[in-house]
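*Asks:* Please find one structure pasted underneath; my questions will follow.
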């Protein structure tokens, strides 16, 4: 039996600026695929056909305590990969003490900045929804997933799953 790896420390960087002590919560983007039922003539049942990333897969939600001018200045960016955000987490097993570094990098632009309720003497939080066009997840400095929507890159465990398709269309 083993105990799970749990997040012990984290930081979020916005264009290289550290939010240590300011980041309240980060929701790592959900990895999802858009699968649709297909039942061709003569088939005994349905199979799910893979049509690419899920519709909500490109959302990265995060929260900051208080207010941050940098995030507000980034609102309305013209390009899909305008801003880089990097999550760095340190996970630990409490039975062995082993630590694991997790890094997630996205490039995108902010779709929503929610300032929440503002009341003097109460906790204030800014919630941000960033829609990414580039995503990379590394564990202990090994890239596990890399997705670059604009450049048609989809790498899982070192294998570019789009490479043959791109070759088939002359790219």
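*Asks:* Of the residues that make up the stretch 48-71, is at least one at pLDDT 95 or above, out of contact with any strand residue (DSSP E or B) (no Cβ under 7 Å at 6 or more places or on another chain) and at positive phi?
*Replies:* No, the stretch 48-71 contains no residue that is at pLDDT 95 or above, out of contact with any strand residue (DSSP E or B) (no Cβ under 7 Å at 6 or more places or on another chain) and at positive phi.
*Asks:* Additional query: Filtering the stretch 152-166 down to residues that are under 17 Å from the mean Cα position of the chain (by Cα) and free of Cβ contacts under 8 Å to residues at least 12 places away in the same chain, which residue is surrounded by the fewest Cβ atoms within 10 Å (Cβ to Cβ)?
*Replies:* 153
*Asks:* Here's a check for you: in the stretch 97-150, which residue that is surrounded by 14 or more Cβ atoms within 10 Å (Cβ to Cβ) and assigned to a loop (DSSP other than H, G, I, E, B) is modelled with the lowest pLDDT?
*Replies:* Here the answer is 124.
*Asks:* Considering 52, 45, which residue is in a loop (DSSP other than H, G, I, E, B) and more than 17 Å from residue 106 (Cα to Cα)? So that I can check it myself, show each step before the final result.
*Replies:* Working: 52 fails: in a loop (DSSP other than H, G, I, E, B).
After ruling out the rest, the residue left standing is 45.
*Asks:* Looking only at the stretch 83-93, decide whether some residue is more than 17 Å from the chain's Cα centre (by Cα), in a loop (DSSP other than H, G, I, E, B), touching a residue at least 12 places away in the same chain (Cβ under 8 Å) and more than 18 Å from residue 27 (Cβ to Cβ).
*Replies:* no
*Asks:* Within the stretch 160-169, is even one residue closer than 29 Å to residue 24 by Cβ, part of a strand (DSSP E or B), at pLDDT 95 or above and touching a strand residue (DSSP E or B) at 6+ places or on another chain (Cβ under 8 Å)?
*Replies:* No, the conditions are met nowhere in the stretch 160-169.
*Asks:* In addition: Of all residues being over 20 Å from residue 140 (Cα atoms) and modelled with pLDDT of 95 or more in the stretch 1-15, which is nearest to the chain's Cα centre (by Cα)? Just the residue, please.
*Replies:* 14
*Asks:* Would you check which residues across the stretch 10-25 are surrounded by fewer than 16 Cβ atoms within 10 Å (Cβ to Cβ) and over 11 Å from residue 64 (Cα atoms) and list them?
*Replies:* 15, 16, 17, 18
*Asks:* Across the stretch 76-96, what is the number of residues that are at negative phi, in contact with a strand residue (DSSP E or B) (Cβ under 9 Å, 6 or more places away or on another chain) and surrounded by fewer than 13 Cβ atoms within 10 Å (Cβ to Cβ)?
*Replies:* Residues that pass the stated criteria total 3.
*Asks:* For residues that are more than 16 Å from the chain's Cα centre (by Cα) and either surrounded by fewer than 10 Cβ atoms within 10 Å (Cβ to Cβ) or in contact (Cβ under 8 Å) with a residue 12 or more places away in the chain (or both), tally how many sit in the stretch 26-51. Let's see the steps before the verdict.
*Replies:* Of the stretch 26-51, the ones more than 16 Å from the chain's Cα centre (by Cα) are 34-51.
In the following step, the residues that additionally are either surrounded by fewer than 10 Cβ atoms within 10 Å (Cβ to Cβ) or in contact (Cβ under 8 Å) with a residue 12 or more places away in the chain (or both) were identified as 34-37, 40-45, 48-51.
So the count comes out to 14.
The values are calculated or read from the model by the stated rules, or taken from the named source; none is laboratory data. Predicted, not measured: the structure shown is a model, and the values here were computed from it. Virtual Cβ from ideal backbone geometry, glycine too; neighbours counted across all protein chains shown.
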